[in-house]
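What follows is calculated from the coordinates using simple rules that are stated; it is not laboratory data. From a predicted model like this one, the values you see are computed outputs, not experimental measurements. Glycine gets a Cβ as well: all are built from the backbone with ideal geometry, and neighbour counts include every protein chain shown.
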Amino acid sequence: MSWDEFWIIFAVCAVTILLCRVVPLFVLKGRELPQGFSYALGLIPPAVFAALVANDLLSPEMFDAGLWPAAAPLIAAVCVVIIALRTKSLLWSALGGVAAYGLLLLL
Amino acid sequence: MLGYVAIGLPCGILCSSIGLNPWQALLLSYLFYSGAGQFMIPNMYLAGASVPSIIASVSLVNTRQMLYAASFAKECSRCSRILAFFFAATVTDESYGVSIKKFEEGNWSVKQAFMVNLFSQSSWAWANFAGVLIGTSVNVPLPIAAFAMTSIFICLLVTQKLTSINIVAMVFAMFGVFGCKVLGLRGPAILIGAIIGVVFASLYGFASGQFPKASGDSVDEL
């Protein structure tokens, strides 16, 4: 990637992410939120994390290259679920996930 | 904090694969500071995507940060504008996961949460820096490096409270993401999927009486 390409991507993405992070907070800050609305906000974490996981693991063409390339990350994901539930640790989940996926790809 | 090192190193390795130098990776990590976004840039660049399409997709994926900031509105209602600004500007997926839990447990202030953000940001940035150095000297397969990020998201997901309403949110969010991809909407898939999850879980909560005095427009505002 050239410096020019880097600067364009960097500058635009940095500005849009800053706006996304800051603007909603200042719009909502200090207002009395309806109870239902606060309750809906509490549903954001499970929904967002599920969406992020699904985005990484699932796609319509995942089985195009055969069963194993699609199954390996799913099996590694199950390993991460077990590690995460037992340790509740982001570090061990990341290390365990990379190790499991690496080993599965070696098989 | 160590979790950031575990994903920062592979992210740096990915960045080195597209020819970024350690200082570019450091700058990107400090000012852009988005794990998923920074994994996407090298992935898309390697796949031959154009600069505008990389910007559009990364920015769309990052619109989920709007939901994070919004969910801290109550906690930030009594702190200064400057603190609220810097706190919001330094929130990202993982530190959001940590802070939302701490606020729930109580005894947690925006200042403390901001300190967590700063430490996370620094360990993330310097891990990226180190990752680029490793990437330029060792050959690491990229899909394996990228799986570190997926693992972090899985951990954050399964450590949520598994109430019926949360499970509805998770299942519909996953179907939403898959549905978006089927329709070719890859960039906004995460945001749309997450909103579908929140909307359906809200409807479920409302129908099953778990939703306290839900006002009609509460869901639409999201």
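When the Cα positions of A:Ala70, A:Leu105, A:Ala51 are compared along the charge dipole of chain A, A:Ala51 comes out farthest toward the positive end, with charges on each C-beta of Lys, Arg, Asp and Glu.
Under the convention that each Lys and Arg Cβ holds +1 and each Asp and Glu Cβ holds -1, the size of the dipole of chain B around its Cα centre is about 140 debye.
Any lysines with Cα under 30 Å of the A:Lys29 Cα? List them, leaving off those in the same chain fewer than 8 positions away. Excluding near neighbours in sequence, the set is B:Lys74, B:Lys101, B:Lys102, B:Lys111, B:Lys161, B:Lys213.
Specify which residue in the list B:Ser151, B:Leu20, B:Ser120 is farthest towards the positive end of the charge dipole of chain B, using unit charges on the beta carbon of Lys, Arg (+1) and Asp, Glu (-1), about the Cα centre. With unit charges placed on the Cβ atoms, the residue in question is B:Ser120. GNM on chain B, alpha-carbon springs under 10 angstrom: the most fluctuating residue among B:Ala207, B:Ala25, B:Ala173 is B:Ala207. Packing around the peptides A:44-50, A:19-25, B:179-185, B:114-120, taken as the average count of other Cβ atoms within 10 Å per residue, puts them in this order, highest first: A:44-50, A:19-25, B:114-120, B:179-185. Shielding of peptide B:72-84 by partners, expressed as the average count of other chain Cβ atoms within 10 Å per residue Cβ, is 4.
Taking only C-alpha pairs under 8 Å that are 6+ residues apart, what is the relative contact order of chain B in percent? Relative contact order for chain B comes out at 32 percent.
Note on segment A:5-71: with charges restricted to the Cβ of Lys and Arg (+1) and Asp and Glu (-1), its dipole about the Cα centre is near 460 debye. Only one residue of B:Met66, B:Phe103, B:Phe86 has its Cα farthest out toward the positive end of the dipole of segment B:65-105, where Lys and Arg carry +1 and Asp and Glu -1 on Cβ, and that residue is B:Phe86. Mean per-residue shielding of peptide B:195-205 is 4, counting Cβ atoms of other chains within 10 Å of each Cβ.
Please give the charge dipole size of the protein assembly as shown, origin at the Cα centre, charges +1 on K and R Cβ atoms and -1 on D and E Cβ atoms. Round to the nearest 20 debye. Walk me through the numbers on the way to the answer.
Working: 16 positive and 14 negative charges, 151 e Å.
The calculation lands at about 720 debye.
Between B:Gly197, B:Gly209, B:Gly35, the GNM of chain B built on Cα springs shorter than 10 angstrom shows B:Gly209 fluctuating the most. Taking packing as the residue-averaged number of other Cβ atoms within 10 angstrom, the listed peptides A:61-68, B:75-82, B:105-112 run from highest to lowest as B:75-82, B:105-112, A:61-68. Expressed per residue, the C-alpha convex hull volume of chain A stands at 195 Å³.
The spacing between segment A:35-79 and segment B:68-131, judged by their C-alpha centroids, is 24 Å.
Determine the shielding of peptide B:88-95 by partner chains: average, over its residues, the number of Cβ atoms on other chains within 10 angstrom of each Cβ.
3
Seen from all directions on average, the protein assembly as shown presents a Cα convex hull projection of 16.1 nm².
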